[in-house]
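A.B. asks: Below you'll find the structure I mean.
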């Protein structure tokens, strides 16, 4: 078992976060011992009574020994979605700030990624407007199972201190992604979603929304036609493009 996705034609199931993993209300504001509560089910409903992950006697909730993934895996590479997104957004925000002048290579403003040791590496903008390019390539954690499969507790025990060590960076990145200053240190953070290999982190009070029960499917007669879905998708894409153009005009 490993973290690799099953090939499309292999007939194997692609690993997904298990129901046990989806039940975690995982906060990033202090030590692990007080950071996690467990929801009654994978979907949170208002008024639901949360269960402690750590009992008063130090015992662990039953979900702790459950598999993190379904089907089980023996290891998982963990990345943080906002860190990855900030690298891409920074490059987009500074696109066009400086011409691609070859002399930039001499000043150190342009060059290859720090991890690129190929003979003819791609060239990137390394610094702009007094800011250094943020890189996400080295922000990951490899978590391996001690037994047959990776459990919930093995995962949170390894990942929680890793995330807490970069909490200050997360506050800075999350603010940047919303066009705001760095979020204040007292901001309550939580893991809003566990996806295979990628964590969504944000305000603690957003957790319930991300874990709400999905709406009932529409009756067959109310389903949108393929043409209508395509039309709406085009409208959304055009709106996003227009918003990006307006933003760049004001930068």
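The values are calculated or read from the model by the stated rules, or taken from the named source; none is laboratory data. Computed from a predicted model, the values in this text were never measured in an experiment. When we count neighbours, we look across all protein chains shown, and the Cβ atoms used for this are built from the backbone with ideal geometry, even at glycine.
A.B. asks: Please find, among 63, 80, the residue that is under 23 Å from the mean Cα position of the chain (by Cα), under 23 Å from residue 143 (Cα atoms), surrounded by 20 or more Cβ atoms within 10 Å (Cβ to Cβ) and at pLDDT 95 or above.
C.D. replies: Only one candidate qualifies: 63.
A.B. asks: Quick one: count up the residues across region 218-251 that are at pLDDT 70 or above and outside any helix (DSSP H, G or I).
C.D. replies: The number of residues fulfilling the criteria is 1.
A.B. asks: Among residues belonging to region 181-197 that are buried (at least 16 other Cβ atoms within 10 Å of the Cβ) and within 26 Å of residue 150 (Cβ to Cβ), point out the one that is modelled with the lowest pLDDT.
C.D. replies: 196
A.B. asks: Another question about this same structure. Counting residues that are more than 14 Å from the chain's Cα centre (by Cα) and under 25 Å from residue 61 (Cα atoms), which strands (runs of 3 or more DSSP E) fully inside region 130-206 reach at least 3?
C.D. replies: 141-144
A.B. asks: Looking at the structure I just gave you, is residue 210 in contact with a strand residue (DSSP E or B) (Cβ under 8 Å, 6 or more places away or on another chain) and modelled with pLDDT of 95 or more?
C.D. replies: No.
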